[in-house]
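The values are calculated or read from the model by the stated rules, or taken from the named source; none is laboratory data. This structure is a prediction, so every number in the text was calculated from the model and none was measured. All Cβ positions, glycine included, derive from the backbone under ideal geometry; neighbour counts span all protein chains shown.
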Amino acid sequence: MAVGRAARRAGRTAKVEAVLGKDAAPAALDLLELVEFAWHDCYGDTTPSPDVIDDILMCSRGDLARLIQYARLAVEDRRDLRVAADQIRSTK
């Protein structure tokens with residue numbers, strides 16, 4: 001069964017709030033919806049994988065401006081996003 005955009009947003013809310021805080025979460029969730037539109041246009045998939053979303057959130061380090069930067073990178077080249085996220089993970 002297909003999962004709709006509203007359900008995906010609801011499913012991501014707690015994680016986004018944990019990373020960016022409750023105040024920034026609505027804007028961050030809006031951005032992730034825009035990523036879905038771009039992802040569909042570029043790759044034909046409805047949404048990026050959960051791993052790509054996790055990488056975007058990891059690279060944001062809780063900062064909305066970084067979230068925007070890495071959301072763009074995800075659509076442009078998800079491999080570069082993975083490298084950036086793995087570098088952050090390796091320093092934790």
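Couple of notes before you dig in:
- Residue list for region 49-63, filter: out of contact with any helix residue (DSSP H, G or I) (no Cβ under 8 Å at 6 or more places or on another chain) and surrounded by 19 or more Cβ atoms within 10 Å (Cβ to Cβ): none
- Qualifying residues in region 64-82 (those that are surrounded by 14 or more Cβ atoms within 10 Å (Cβ to Cβ) and either of a type in the set (A, V, I, L, M, F, W, C) or touching a residue at least 40 places away in the same chain (Cβ under 8 Å) (or both)) - the one farthest from residue 30 (Cα to Cα): 81
- Residues of region 9-28 that turn out to be surrounded by fewer than 18 Cβ atoms within 10 Å (Cβ to Cβ) and part of a helix (DSSP H, G or I), as a count: 10
- Subset of region 29-48 that is part of a loop (DSSP other than H, G, I, E, B) and touching a helix residue (DSSP H, G or I) at 6+ places or on another chain (Cβ under 9 Å) - its residue that is nearest to residue 85 (Cα to Cα): 48
- In summary, residue 39 fulfils each of the numbered conditions (1) farther than 18 Å from residue 78 by Cβ; (2) surrounded by 12 or more Cβ atoms within 10 Å (Cβ to Cβ); (3) of a type outside the set (A, V, I, L, M) with the single exception of condition (1).
- Among the residues listed as 41, 55, the single one being under 12 Å from the mean Cα position of the chain (by Cα) and charged (D, E, K, R): 55
- Residue within region 8-31 that is among the polar types (S, T, N, Q), modelled with pLDDT of 95 or more and under 10 Å from the mean Cα position of the chain (by Cα) present: no
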